[in-house]
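Read the figures in this text as sums done on the coordinates, not as results from a lab. On a predicted model such as this, the values are computed, not experimentally measured, just so you know. Methodologically, a virtual Cβ is constructed for each residue, glycine included, from the backbone with ideal geometry; neighbour enumeration extends over all protein chains shown.
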Amino acid sequence: MKATANKQADRTVGGGPGRAQDTCAAVAAAVVPTILALLSVVGVSPARAEFVPGYAYVADGAIPPCFDGGPPDRIWEVNPQTGESRVFATIPPQYCGGLTGLTFTPDGRHLRASAAIAGSVLEVDSDGNVGVALDREDGLVFPIGASNLAYDRAGSFWVGDFFPARVLRFPSASGPPETVLDGSNSLVDVAAITSSRSGTMWIAQAERRLPNLFRVSSEGDVTPLHLDGLLPVSIAVGDAEMLYVHSGNFGVFKVPGGDPDQTTLLADDDLPGDSLALSIDGSRVFVAGVNEFVVVDVLSGDVLLRSDIAGSNAGTGIAVYVPEAATLMLVPGAFMALRSRHRKSKG
């Protein structure tokens, strides 16, 4: 969008514009575990100025907020193999308050984040620099939600906004946003959004009596559904339209094909109650909330890792970095060269 590009240039606090595409997931599933293993074998930590394939990026919407004497909002980078974490970006004070949903832009170059109090969607580059992608001038009011940001297959950007509750779609080309869901569709709460490889968009809300799951086809047709007894606060989708639904303090559920009748509990082992995302290969669910990061096996429901994040309220949003396929194809060779150099230095 032209207006967005101009805004980015004017307001970036040392940063620039923004993509992570499902189409590279198959390549990533094979390559990323090797990359992470080589990092461990070689004993090299990733450089500060980069997003790391397969790592989780976790929003820390501070409580109390910085304008009320609290610490700054931050984004943490978490190694899902070890649970180690570090601050990746610190949100400038003019945007603090209500940092929640995260998603990568389709080219994998930037991370977008909801900043509710500022009425903005922020954009963070690989150096941790923060700028504004969209704000109230673009039609936002109070963008908030543990997974309220997503891109569809066409590159359009979807935002769960509030006051009133609605889902906006910003076209990949320039132009004003379109309202996809609002009160006329029984959307009354904070929206969670995820995109599947088929082009279907899934939207959920934490409501028990009203429809709390919506399927939006690539043609724009909306189908309301109801997950009985669930309060969806965050969702993710894997292969074959397998939905993973975080129902607050009630655990994580699997919903095959988005069919409410097939809903089963995956895990409820004292999981943190905020956000979730899938690993690149789809074999694990990452759950974050209240300064805790948990890894769950998608088949057994076993907790594989549980670690603390030294934040204020880390877990208000989460995203996993999936680089472009071309980048992934080059990485193994680079690490093999690095390992060879490491061996020579030891010899």
### Query
At a Förster distance of 25 Å, what's the computed FRET efficiency of residue 154 paired with residue 240, Cβ-Cβ distance as r, to 0.05?
0.70
### Task
Run a plain Debye calculation on region 185-271 (Cα atoms as equal point scatterers, no solvent) and give log10 I(q)/I(0) at q = 0.18, 0.20, 0.23 Å⁻¹, rounded to two decimals, same order as the q list.
-0.68, -0.85, -1.13
### Task
Sort the following peptides by mean Cβ neighbour count (other Cβ atoms within 10 Å, averaged over residues), highest first: 248-261, 152-165.
152-165, 248-261
### FRET efficiency, 1/(1 + (r/R0)^6) with R0 22 Å, evaluated for residue 228 and residue 188 via beta carbons
0.80
### Query
Once the other residues with Cβ under 12 Å from the Cβ of residue 246 are scored (Lys, Arg +1; Asp, Glu -1), what is the net sum?
-1
### Message
As a footprinting exposure proxy, order 105, 223 by other Cβ within 10 Å, with the fewest listed first.
### Response
223, 105
### Query
Counting only Cα, what are the radius of gyration and maximum Cα-Cα distance Dmax of region 71-147, in Å?
12.4, 42
### Message
Using Cβ contacts closer than 10 Å as the measure, can you line up 110, 246, 226 from fewest to most?
### Response
226, 110, 246
### Message
For the pair residue 261/residue 81, report the inter-label distance in nm, with labels modelled 7 Å from Cα in the Cβ direction.
### Response
4.4 nm
### Task
Using a cut-off of 15 Å between beta-carbons, work out the net charge of the residues near residue 263 (Lys and Arg +1, Asp and Glu -1, residue 263 not included).
-2
## Note on the structure
Assertion target for 264, 316, ordered by fewest C-beta neighbours within 10 angstrom first, is 264, 316
### Contour minus Cα-Cα distance for residue 63 and residue 299 (0.36 nm per residue)
81.5 nm
### Query
So for the pair residue 197, residue 210, with labels modelled 7 Å out along Cα→Cβ, what separation do we get in nm?
3.4 nm
